[in-house]
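See structure below.
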Amino acid sequence: MNTHALRRTALVAAVASTSALVLAGCSGAGGSASGGSDGEVTLTIATFNDFGYTDALLQEYMDAHPNVKIVHNKAATSNEARENYFQKLGKTGLADIEAIEVDWLPEVMEYADLLAPVPDDLKSRWLDYKVEAATSSDGKLVGYGTDIGPEGVCYRSDLFAAAGLPTDRAEVAKMLEGDWSTYFAAGDKYVAATGKAFFDSAGGTYQGAINQVEAAYENPDDGSITATSNPDVKKIYDQVLAASATQSAHLGQWSDDWFAGLSNGAFATMLCPGWMLGVIEGNAPEVTGWDIANVFPGGAGNWGGSYLTVPGNGKNVEAAQELADWLTDPETQVKAFENAGTFPSQTDALKADALTGSVNAYFNDAPVGEMLSERAQAVKVSPFKGQFYFQINDAMQKALTRVEDGTQSAADSWKQWATEVDALS
Amino acid sequence: MTSTLERPTRGAAPEARAREPRRLGFGRSRRSAWDLKLSPYLYISPFFILFAITGLFPIAYTAVISFMDWDLVRNSGEFIGFDQYAWVLSQPKFWIALRNTFSIFLLSSVPQLIVAIFIAAMLDQNIRAKTFWRMSVLIPYVMAPVAVALIFSNMFGDQYGVVNTTLQNLGLPAVPWHSDAFASHIAIATMVNFRWTGYNTLILLAAMQAIPREYYEAATVDGAGKIRQFFSITLPSLKPTLIFVIITATIGGLQIFDEPRMYDQYGTGGADNQWLTVTLWLYNVGWGEWNFGRAAALAWILFLIILAIGAINMVVTRSLVRDDGTRDPRTRRERRAQARAAKERMMADAAPAGVRGEETGR
């Protein structure tokens, strides 16, 4: 290599390293802006699926608070968010505001001390059961409630008509009004008339019923497991399986067959939280018969929903609390509902015109806003979910599936479930 | 570089001595002796340093955690000895998972290897558009395992899947893909086979092409047919490659995860653990229940199982193919003794006549 070439190489290297330094300097400056002493704050929010927090909505907050810059990170699924959350909680790397789902709330509650509390004056903002579920044993509320999943009953009016059952929403509601035996009695009629299945799966139906039991699997006082000796659990198990023998399509929820069943008429009814409407519409776009009735067996029920949490060791805890407060404000939540259909958990938002006036064209112009708002307020029970809730319930879902797919008898399957539950603690 | 430049001055001195073998490169100093011994290790050291950081440390750390009741979030644990191991071994789930793992492993690797050898033998013939066919068998391997699993899971749907619909149209009974353990294993093995057959085919094909064509010509002259040639020449020559393929298939097969995880919508191995594999259970215990103590113990048990199987593999294959590759009937010890004897003979020959020394030195 001659000296010229050498020199040129050295120059290129020098330029490259200088520009690298400059670049590093830039990013350094950008990073230090967050949490700076002059009030400039960069807040990160981590959500999943779709919370309805559009850029335009977040811009509103930034306009009102010029010193705040919001960065929104979306995980694709709640499972991804869950893994990330528990791997980083108590350490570093979590966003200033982290969204969590009701399904893994019991696990989060074990680490309530690592989260910043929700100010006491906000507690009256949400429905009682929403607050209760996210309150730790020492009375600290750690989650800003966002949405809920109040449940109605979705039904195929075309299939109902063919079976000689009422098709009008109000009449269907009247027919199903009552406890679970009323629902299953209607199922018997449908099966007798058509020979086809009434509901989708034992698992989904069981979930609706078990969510009405205050302490299904664990003792709220000491956290001990009571699942296998709880007569309510056994009763629901027997009742659902007795009905499922003739009335269930045996299609496990979220399986490929189940998605096919949404459009091919394999079942006529399904327990339906607000967010399920989008699932049905998305997977059975060509079906015109789906409708929803303002009724739920056994009273009312909630399935799903989310919270925002503020990790206690974040850099901008106070600013994050302020933003979380604003994001879960009834007014903001109604906007989020308009964006993504996330049904509000705030009492005031349930009365907002934008919500009560909303109709769903796919469900034959059903006034879903008004209906689900009523369903949400009818929910009285906040089921206790302790440390083992997830595992016990998961084992129960499998037990139901074993009976549905014919692997085991109901009695054997219950026995296996009981053994599995006993091995947990 | 510098030492090559110095060479003329330094090299003048040994000139007087008997002409020793000379090596290009560094000078013949102590440093160069070290260089000769150490360099190879230095060159491969990046891999081992990296492995120590990214492989060995996690393995050791997993061992530590496996003796604890570990809380991931608080990053702390309580030492509880072998309790986690005892728990894992006492769970019926573990034995079911082990059974499933081996069942899926056998169902996938055995037919896969047979088919791969067959396709490779076909591709080894004189066919048109060779490259096209060879690339085509590799296409499934390029697909992401999760995508493969999604497509196949859909096909193996119990009620509305393509496979069962076809079976029913043919008047055959539908197969309960998601409730019968054996059926689920076949479905999962199908996904594995779909993905890996082509890959193994190419490796075996490469090995087949390395077989000297003279063997076949000689066999043809001797009157051996194609089939006889395949069993007497091709297969024996493939043994070393087959060992490699079998060992990688074993390690991969015992760690099978993507396919069973994507087989249904829950990814937990079925209502009755029909297709729960060891790694899938490990994942569920670790990332489902956040019980990393148990998951770590399970990981170590799996590691030991793989080591044991690997050792069995070694012993079996050694006894089967000791002499392959070199086609030398002597054992290694005999070979070494003969080599030593030959060397001594050469040295003895070379000592009087210095000219020959240059060639024997190396």
* 16 Å Cα-Cα reach of residue B:93 towards lysines, excluding residues that sit fewer than 8 places from it in its own chain -> A:398, A:415
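Provide the gained length on full extension for the span residue B:222 to residue B:251, in nm with one decimal, where the gain is 0.36 nm per separating residue minus the Cα-Cα distance.
On the way: separation 29, 0.36 × 29 = 10.44 nm, distance 4.12 nm.
Result for the pair: 6.3 nm of gain on full extension.
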* Structure fact -> For the residue B:110, residue A:196 Cβ pair and Förster radius 51 Å, calculated FRET efficiency rounded to 0.05 is 0.75
* Structure fact -> For the residue B:38, residue B:313 Cβ pair and Förster radius 30 Å, calculated FRET efficiency rounded to 0.05 is 0.35
* Which order do B:61, B:141 fall in if you start with the one that has the fewest other Cβ atoms within 10 Å? -> B:61, B:141
* So between residue A:412 and residue A:88, what do we pick up on full extension, going 0.36 nm a residue minus the alpha carbon distance? -> 112.6 nm
* Calculated [θ] (222 nm, deg cm²/dmol) that DSSP helices of n ≥ 4 give over the protein assembly as shown, each run adding -39,500 (n - 2.57) -> -17500 deg cm²/dmol
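Using a 10 Å cut-off on Cβ atoms, rank the peptides A:221-232, A:370-381, A:266-277, B:287-298 from the highest mean neighbour count down. Intermediate results must be reported in sequence, preceding the final value.
Working: A:221-232: 13.6, A:370-381: 19.9, A:266-277: 24.2, B:287-298: 22.2.
Result, highest mean Cβ count within 10 Å first: A:266-277, B:287-298, A:370-381, A:221-232.
State the number of lysine pairs found in region A:49-199 whose Cα atoms come within less than 19 Å, restricting to pairs 8 or more positions apart or on distinct chains.
On the way: A:74/A:88; A:123/A:140; A:130/A:140; A:174/A:189.
Value for region A:49-199: 4.
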* Structure fact -> Taking Cα atoms, the helix A:389-404 axis meets the longest principal axis of chain A at an angle in degrees (rounded to 10) of 40
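What FRET efficiency comes out for the pair residue A:59/residue A:179, r = Cβ-Cβ distance, R0 = 51 Å, nearest 0.05? Don't skip to the end; give the middle numbers.
Working: r = 48 Å, r/R0 = 0.95.
That pair, residue A:59 with residue A:179, gives E of 0.60.
Below 8 Å between Cα atoms, with a sequence gap of 6+, how large is the relative contact order for chain A in percent? Let's see the in-between values first.
Details: 700 pairs, mean separation 100.9, N = 425.
Relative CO of chain A lands at 24 percent.
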* Asked: Residues with amide H under 5 Å of residue A:343's amide H, sequence separation 5 or more or different chain, H placed in the peptide plane at 1.01 Å from N; which?
  -> A:148
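Per-residue counts of other Cβ atoms within 10 Å, averaged by peptide: what ranking do you get for A:409-422, B:107-120, highest first? Please list the in-between numbers first.
Working: A:409-422: 16.5, B:107-120: 19.4.
Averaged packing, sorted descending, gives the order B:107-120, A:409-422.
Just for the protein assembly as shown, what percent of DSSP beta bridges are antiparallel, to the closest 5? Write down the numbers at each step before the final one.
Values: 27 of 40 bridges.
Taking every DSSP beta bridge with both residues in the protein assembly as shown, the antiparallel ones total about 70 percent.
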* To do: Take peptide B:298-305, look around each residue's Cβ out to 10 angstrom, count Cβ atoms belonging to other protein chains, and average those counts.
  => 0
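No lab work stands behind these numbers, since they all come straight from the coordinates. Small disclaimer: the values here were computed from a predicted structure and weren't measured. Every residue, glycine as well, gets a Cβ built from its backbone with ideal geometry; the counts of neighbours run over all protein chains shown.
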